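Visitor: Shown below is the structure under consideration.
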Amino acid sequence: MCLDARHSDRLERAADLILHIHTYIANSCHTNQRHQEKIPTVMEKIINTCWRNNKDITRLARWIRCLFQMTITTDPVMSLRCLDQAHAIANKAAMQQIPEPYPVEELEWLATTAFNHAVDLWFASVDEGDGQDTAKAWAEKALMLSGAVTIGEGALHKALQDKWMRLRGMGQQS
């Protein structure tokens, strides 16, 4: 009933409740794996439903960040979808198809966190001998998102791109 699109106020409350439940389960010594695995899927459905109906970008951006954070190590596919969704919403806002801009702080956080994850994956692949393609995918998503940050004349994008090129250069030298 909470996922019924006619009740957006319920969806908003359900999303906040799900975030609290996830935090509780994640910090609990009595972890129920089955419940913990369902939480991101329900959260993703709420985000998609709210996006189609009321387009409160500030709230959606926070939920996308939270979903991204809860799945970055457990469900990389969903985490990468969060980055794609944030980018798509930011682009629509930039083209003024929706009135409210995507919060810059949220884009910066997603881009830098995804980039840092790419760096972690890169160094793990150097140690283990595989996984550079995965690191590259994460870096590309981070660069894509950082390109949507228009404040500072693209300074974040330039900084991340420079760091990624240097990192890849280090890998080619060894």
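Bear in mind these aren't lab numbers, they're just calculated from the coordinates by the rules spelled out. In this text the structure is predicted, and so the values were computed from the model without any measurement. A quick note on method: Cβ atoms are made from the backbone with ideal geometry, for glycine too, and the neighbour counts reach across all protein chains shown.
Visitor: Could you go through segment 88-95 in sequence order and give the Karplus-derived ³J(HN,Hα) for each residue, using 6.51 cos²θ - 1.76 cosθ + 1.60 with θ = phi - 60°, rounded to whole Hz, and x for Gly and Pro?
Guide: 4, 5, 4, 5, 5, 5, 5, 7
Visitor: Assuming R0 = 22 Å, can you tell me the calculated FRET efficiency for the pair residue 137 and residue 41, based on Cβ-Cβ distance, to the nearest 0.05?
Guide: Between residue 137 and residue 41 the formula returns 0.50.
Visitor: Which entries of 92/163; 45/141; 45/158 have Cα-Cα distances beyond 32 Å here?
Guide: Table pairs above 32 Å Cα-Cα are 45/158.
Visitor: Which order do the peptides 111-121, 70-80 come out in when sorted by mean C-beta neighbours inside 10 angstrom, highest first?
Guide: Highest-to-lowest ranking by the protection proxy: 111-121, 70-80.
Visitor: In nm, to one decimal, how far is the residue 95 label point from the residue 77 one, both placed 7 Å along Cα→Cβ?
Guide: Here the modelled spin labels are 2.8 nm apart.
Visitor: A further question on this structure: Separation between the residue 53 and residue 153 pseudo-spin-labels, each 7 Å from Cα along Cα→Cβ, expressed in nm?
Guide: Those two pseudo-labels are separated by 4.5 nm.
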